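Engineer: Here it is: the structure, laid out below.
Nothing in this text is a laboratory measurement; each read-out follows from the coordinates by a stated rule. Not measured: the values here are computed from a predicted model. Because the Cβ atoms are built from the backbone with ideal geometry, glycine has one as well, and the counts that use them run over all protein chains shown.
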Amino acid sequence: MKYRKLGSTGVNLSAVGLGCMGMSFAYGPKNDEESVKVLNHALEIGVNFWDTADMYGFGHNEELISKVLVPNREKIFIATKFGFRIKEGSAGFSGSPGTYFDGSPAYVKEAVEKSLKRLKIDTIDLYYSHRVDQNVPIEDTVGAMADLVKEGKIKYIGLSEASAESLRRAYKVHPVTALQTEYSILTRDVEGEILNTCRELGITLIPYSPLSRGLVTATISNTAELAPDDYRRIAPRFEGEHFENNKKLINEFAELAKAKNSTPAQLALAWVLAQGEDIIPIPGTKRIKYLDENAAAADIVLTKQDLDAIDALVKKYPDIGPRYNEGAMKLVNK
């Protein structure tokens with residue numbers, strides 16, 4: 001495994017991290033026994049950067065990870081998030097009517113204690129505000145997080161789906177080490193002002209959904225075959241005209257991957273990695289096969305010709321669709 005530096009911390013993180021959400025949430029039934037095997041295998045192949053959140057499975061994901069995290073604490077850099085609160089009876093998808101976001105200082109301090117207890121550790125390596133609360137000044141949220149740094153409960157502060165303005169305002173209160181946001185060949189909103197701001201301030205970009213929720217893997221042709229509780233059944237890019245557009249795009253993308261002797265997933269990850277050494281994607285999986293496949297993407301080198309071909313393909317099929325439904329998009333800080 002190749003490694004990349006996290007901001008100015010000097011910490012070495014695997015160039016491809018591991019998103020753990022799907023082990024507990026959003027992508028069909030969970031299998032704890034298999035997930036523990038995946039986590040242990042991640043250690044064996046050098047994937048030391050694991051990502052979770054308190055809302056994934058209503059705390060289940062943090063508890064699951066603790067089974068491998070605790071006996072291997074020095075080998076793992078753990079990131080988790082806070083802020084989404086789920087009303088009783090809700091499915092818990094971000095942006096759903098039963099979900100609301102709380103970035104208040106009081107909740108920051110309540111949430112961290114619960115995460116520490118579930119993870120069974122004393123200090124969280126990287127703690128994110130899962131979104132930017134539109135009703136709470138970002139200075140107040142980050143100020144409370146800065147208190148947690150002083151108390152030794154977290155090491156580094158991160159934000160998720162934050163605008164360039166929010167990053168700058170937050171940074172004046174306390175250095176921000178990482179920005180997590182969606183970034184892939186199909187989602188490039190972060191390019192320009194936000195990514196430039198990250199680079200100016202020395203903030204590492206952590207792309208989630210670098211495989212576009214599995215869309216770019218060329219393995220999903222019919223959403224009816226997905227589990228009944230799979231989030232993608234209601235995701236705009238998997239519906240109607242958008243899905244028809246995207247299937248054509250991905251079929252051609254798969255041909256580009258074949259020419260590189262890689263899988264579509266590997267080519268998509270290699271593209272993200274090629275955008276800069278300050279970018280560390282966290283593709284999610286709950287199977288060893290795909291963990292190995294994703295990790296191997298760090299060894300793929302793309303030429304300018306490769307990158308130009310990918311850009312041209314995406315432009316050829318522009319009707320990709322929005323990445324979230326209207327409710328969830330309202331929580332993306334612009």
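Engineer: Among Cys20, Cys198, which comes first, second and so on when ranked by fewest other beta-carbon atoms within 10 Å? Intermediate values should be presented prior to the final figure.
Structural biologist: Details: Cys20 29, Cys198 24.
Fewest-to-most ranking of Cys20, Cys198: Cys198, Cys20.
Engineer: From zero outward in steps of 5 Å, how is the percent of C-alpha pairs of the range 154-270 spread across the bins?
Structural biologist: Spelled out bin by bin, the range 154-270 gives 2, 11, 18, 17, 15, 13, 12, 8, 4, 1 percent.
Engineer: Moving to a separate point now. Just the ratio, please: alpha-carbon radius of gyration of the range 1-100 over 2.2 N^0.38 Å, N its number of residues.
Structural biologist: On the way: Rg = 14.6 Å, N = 100, 2.2 N^0.38 = 12.7 Å.
In units of the globular-protein estimate, the range 1-100 measures up at 1.16.
Engineer: Set Lys and Arg Cβ to +1 and Asp and Glu Cβ to -1, take the dipole of the range 31-91 about its Cα centre, and tell me which of Val70, Ile86, Leu39 lies farthest positive.
Structural biologist: Checking the options against the dipole of the range 31-91, the answer is Ile86.
Engineer: Count charges around Phe253 for me, please; just the other residues with Cβ under 13 Å from its Cβ, Lys/Arg as +1, Asp/Glu as -1.
Structural biologist: Values: positive: Lys247, Lys248, Lys258, Lys260, Lys315, Lys316; negative: Glu252, Glu255, Asp306, Asp311.
With Lys, Arg at +1 and Asp, Glu at -1, the neighbours total +2.
Engineer: Under a point-charge model restricted to the Cβ atoms of Lys and Arg (+1) and Asp and Glu (-1), what is the dipole moment magnitude of the range 1-157 relative to its Cα centre, in debye to the nearest 20?
Structural biologist: Details: 20 positive and 20 negative charges, 74 e Å.
Magnitude of the dipole: close to 360 debye.
Engineer: Under 1.5 on a/c is rounded, so check that first for the range 94-150, then, if it is not, pick prolate when a/b is larger than b/c and oblate when it is not; a ≥ b ≥ c are the square roots of the alpha carbon gyration tensor eigenvalues.
Structural biologist: Working: a/c = 2.34, a/b = 1.31, b/c = 1.79.
Judged from the Cα gyration tensor, the range 94-150 comes out oblate (a/c at least 1.5, b/c at or above a/b).
Engineer: So how do 250-258, 159-167, 74-82 stack up, highest first, on mean other-Cβ count within 10 Å?
Structural biologist: Listed from highest to lowest mean packing, they are 159-167, 74-82, 250-258.
Engineer: Moving to a separate point now. For the chain, would you read off the P(r) tail past 34 Å as a percentage of all alpha carbon pairs?
Structural biologist: Working: 9736 of 55611 pairs.
Percent of Cα pairs beyond 34 Å in the chain: 18.
Engineer: Name the shape class, rounded, prolate or oblate, that the alpha-carbon gyration tensor gives for the range 252-313, where a ≥ b ≥ c are the square roots of its eigenvalues, rounded holds for a/c under 1.5, and otherwise prolate holds if a/b is larger than b/c and oblate otherwise.
Structural biologist: On the way: a/c = 2.09, a/b = 1.33, b/c = 1.57.
Taking the square roots of the gyration eigenvalues as a ≥ b ≥ c, the range 252-313 is oblate.
Engineer: Could you tell me whether the range 46-158 comes out rounded, prolate or oblate from its Cα gyration tensor? Rule is a ≥ b ≥ c as square roots of the eigenvalues, rounded for a/c under 1.5, then prolate if a/b exceeds b/c, otherwise oblate. Working shown, then result.
Structural biologist: On the way: a/c = 2.10, a/b = 1.25, b/c = 1.68.
Taking the square roots of the gyration eigenvalues as a ≥ b ≥ c, the range 46-158 is oblate.
Engineer: Each residue of the range 154-164 in order: what ³J(HN,Hα) in whole Hz does its phi give by Karplus 6.51 cos²θ - 1.76 cosθ + 1.60, θ = phi - 60°, with x for Gly and Pro?
Structural biologist: 9, 9, 10, 9, x, 10, 10, 6, 9, 6, 4
Engineer: If you don't mind, another one. In the range 139-159, which residues have a backbone nitrogen under 16 Å from the label point lying 7 Å from Ala106's Cα in the Cα-to-Cβ direction?
Structural biologist: What the label zone holds, given the 16 Å backbone N cut-off, is 140-141, 144.
Engineer: A follow-up question, please. Residue by residue through the range 260-270, which ³J(HN,Hα) values in whole Hz follow from phi under the Karplus form 6.51 cos²θ - 1.76 cosθ + 1.60 (θ = phi - 60°), with glycine and proline marked x?
Structural biologist: Going residue by residue, I get 9, 6, 9, 7, x, 4, 5, 5, 5, 5, 4 Hz, with x marking Gly and Pro.
Engineer: What is the sum of charges, Lys and Arg at +1 and Asp and Glu at -1, for the other residues whose Cβ falls under 13 Å from the Cβ of Lys75?
Structural biologist: After counting each charged neighbour, the total is -2.
Engineer: So what is the 222 nm mean residue ellipticity for the chain from helices alone, if each DSSP H run of at least 4 adds -39500 (n - 2.57) and you divide by all residues, rounding to the nearest 500 deg cm²/dmol?
Structural biologist: Counting only the DSSP helices, I get -11500 deg cm²/dmol.
Engineer: R0 = 41 Å: FRET efficiency of Thr303 with Lys37, Cβ-based, nearest 0.05? Numbers along the way, then the final one.
Structural biologist: Numbers: r = 36 Å, r/R0 = 0.89.
Once the sixth-power term is evaluated, E becomes 0.65.
Engineer: Roughly speaking, what is the stretch gain from Arg199 to Leu256, that is 0.36 nm per residue apart minus the C-alpha to C-alpha distance, in nm to one decimal? Each step should come with its number before you reach the end.
Structural biologist: Numbers: separation 57, 0.36 × 57 = 20.52 nm, distance 3.00 nm.
Extra length available between Arg199 and Leu256 comes to 17.5 nm.
Engineer: Take the alpha carbon atoms of the range 124-217, find their radius of gyration, then divide it by 2.2 N^0.38 Å using N residues; give the quotient.
Structural biologist: Working: Rg = 13.6 Å, N = 94, 2.2 N^0.38 = 12.4 Å.
In units of the 2.2 N^0.38 Å rule of thumb, it is 1.10.
Engineer: For the range 215-286, I need the span (max minus min coordinate) of the C-alpha atoms along each principal axis, in Å, sorted largest to smallest.
Structural biologist: 37, 24, 21
Engineer: Using the per-residue mean of other Cβ atoms lying within 10 Å as a proxy for protection, in what order, highest first, do the peptides 221-234, 121-134, 26-39 fall?
Structural biologist: Working: 221-234: 12.8, 121-134: 21.6, 26-39: 16.1.
Descending mean neighbour count gives 121-134, 26-39, 221-234.
Engineer: Separate question: When the Kirkwood radius is taken over all Cα pairs of the range 198-334, what Stokes-Einstein diffusion coefficient follows at 20 °C and 1.002 mPa s, in µm²/s?
Structural biologist: Details: Rh = 16.1 Å.
So the translational diffusion coefficient is about 133 µm²/s.
Engineer: Same structure again: Expressed in nm to one decimal, what extension gain is obtained for the pair Lys120 and Ser8 from 0.36 nm per residue of sequence separation less their Cα-Cα distance? Present the calculation step by step, with values, prior to reporting the outcome.
Structural biologist: Details: separation 112, 0.36 × 112 = 40.32 nm, distance 2.73 nm.
Roughly 37.6 nm would be gained on extension.
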